[in-house]
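The structure appears below as C-alpha cells.
What follows is calculated from the coordinates using simple rules that are stated; it is not laboratory data. No experiment lies behind these values; they were computed from the predicted model shown. Reconstructed Cβ throughout: ideal geometry from the backbone, glycine too, with neighbour counts over all protein chains shown.
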Amino acid sequence: MNRLLLLTGLLLCILSTSCIPHKDIVYLQNKNTATDSTQIMVEQQKPYRVQINDILNIRIKVLDQENAVIFNPVGDGNLNASGAERAYFDGFTVDVHGNIRVPTLGELNVLGFSTKEIQEQIEQQLLTNQFKETANIFVTVKLAGLRYTTSGEIGSPGTQILFQDRVNIFEAVANAGEIPITGNRKQVQIIRQYPQGQKIHSLDLTDIAVMNSPYYYIQPNDIIYIKPLKQKTWGLGTNGVQTFTTILSAVSLIVTTYLIINR
C-alpha cells in the first residue's frame, strides 16, 4: 500500500510540473492589476530607417506622364513575375554601400533615411535637374513589402512578406501559422538589423504591456525566433491528459515487465 501511495504521489508531482500552465499560453494578460481594465496604449513606433538589401518602390508622376516613363520600370527582368517577384524586378535594391541607382539622377545614398526623406530628396533633385515646378511632380516612395523570417516553435517557419506599412508582432506571428502550445510566448526574440550590426530584443506576448514596447511593430529583415518550452523536451505531453496517459503507459510497461521476470 505504501508503494502504491508513493507511486501515486510521484505521478501527481510529475503531472503538476510537466503540464503547461494556462497563464503561459494566454496573450495580453493584465499583469499589473488584479482585474481586467481598459488601457490606452501609447505607440512607440519610430519612422523606419532604410537598411542594406531593402527594396524600394519608387513612382514618379508628372502632368506629361510620357516624360516620366524612364523613372517607372515595368519589370523588364521578368515580365511574367508577379507579387514579391515583381517587386524585386521593379524595385530599387539598396546595395552594400547604402545606394540606389535612379535613372538620370544616378546613385543616391538612402541608408538610414526614412521613405519620406528619400521622397523629398528625389523631388528636390528632379526639380533641380529634370523638371520645372509647373510639371507638378508627385513622388511616392514605399518599401516593396515587409519581409521577415520566423524560426523555432512556430506553425510555418520561413520567410514571410506582407504588403503593409506597419505590422505588429501578433500579426507577424499569426501570418506565420501561430505559436503552438509548446512555444514560449514569454520570451519571443526579435533579431533586428542595425547599421552597426544585429541586436536581439525579447518580448513577452503574455503581458499586455508588450503593446508599449518599441519593438511591438516589426521591421523589414527582422528574424522572429520562438523558443520551445521545457515541457516539450520532456516528451510527457502538453496537457494533463496527455501526460497522465504517457506516464500510465510507462508504469504499465514496467509493472508488466517486472511480473514477467519474477513469474
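Summary of values
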read-out: DSSP bridge pairs, the range 145-232: antiparallel proportion in percent, nearest 5; value: 80 percent
read-out: Over the range 145-232 - Rg/Rh using Cα atoms and the Kirkwood inverse-distance radius; value: 0.94
read-out: Residue among 136, 164, 209 farthest towards the positive dipole end of the range 72-214, charges placed on Cβ; value: 209
read-out: Test item: Cα-centred dipole of the range 145-232, Lys/Arg +1 and Asp/Glu -1 on Cβ, debye; value: 280 debye
read-out: The range 99-145, relative contact order [Cα under 8 Å, separation at least 6], %; value: 31 percent
